[in-house]
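Working notes for the structure below.
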Amino acid sequence: MPDYNHPLRFGSFITPLNQPPHHPVDLAMFSEDVGLDLVTFQDHPYQAVFHDTWTLLTWVASRTSRIHVSGNVLNLPLRQPAVLARAMASLDLLSEGRAELGIGTGGYFDAMASMGAPLLSPPDAVSGLDEALDIIRGMWDVADRSPLRIDGRFHRVDGAQRGPAPAHRIPIWVGAYKPRMQKIIGRKGDGWLPSLPWMQPGAIARGNQNIDASARLAGRDPSEIVRMMNIVPPVSAEQMARLAIEDGVSVFILGSDDPQEIRRFATVTAAEIRDRVGAARAEARTSAVTL
């Protein structure tokens, strides 16, 4: 698969443990201090040992000044999409354009049901995500002065007031592993956010093919869609550079709560990845000119 030539970005993926309460916040601030672009947190509200991710994102945004914040990924069945859209826009305004939306179907359906979510089948959860993306985008579309009305099977709004508009165009990154969700990304999403340990051989290439084909059918340029990856230590700069050059991955998010691993990733590994990818892109440009 081609390199989509997106700028490289690097982030952290921090466990939102609530004891001691400020530890994940300290790691987020540390992520900013060492130069990372993004800090993210998983969203499992049924885990009593975790902070509520939305509350944590808001607190982290208030304690930082540069780094962007995102769920990785937010649990849609437990977060009503119209309310989530307004919350996202509010956080983006308050953080001066640093809120990003990573979203998914949640996956752990029995656990979500224990917290009051409807017990959905995986296909129904995917359909609900498809509907939710329309509601979220519609809530942000303040250029349309009409009330928002969407009558879906799983999510509905009937005359909702749109707005506020976020400070920047908030990208929607979807955690997806199966073709149907990948095709939704191609039609409606801004980024694909899977985790490398869950990817079987060939899965990245197949996912890119699904996303790209769906984007083209929707009249979109596939290169508009950012390819991202959650990774875990040990991290090889050579391997990550190959993911960028061969599979188009441009955002690398390290899953670690170890400050030393986060520092090394931000200050050493990221630089090595940039150098390798920069050299490969320069060589590709030279080759294109000489053809």
*With an 8 Å cut-off on Cα pairs and a minimum separation of 6 or more residues, tell me the relative contact order of the chain in percent.*
20 percent
*Working out 0.36 nm times the residue gap between ARG274 and MET29, then minus their Cα-Cα distance, what length gain in nm do you get to one decimal?*
85.9 nm
_What distance in nm lies between label points placed 7 Å from Cα along the C-beta direction at THR55 and GLN209?_
4.6 nm
*Contact order relative to length of the range 132-291, as percent, for alpha carbon pairs under 8 angstrom and 6 or more apart*: 15 percent
*Please list 147-155, 242-250 highest first by mean number of surrounding beta-carbon atoms within 10 Å per residue.*
242-250, 147-155
*Along Cα→Cβ, 7 Å out, is where each label goes; now give me the distance between the ones at ASN18 and SER121 in nm to one decimal.*
3.5 nm
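No value in this document is a laboratory result; all are computed from the given coordinates. Remember, predicted model here, so these are calculated numbers, not experimental data. Counting neighbours? That spans all protein chains shown, and the Cβs are built from the backbone with ideal geometry, glycine included.
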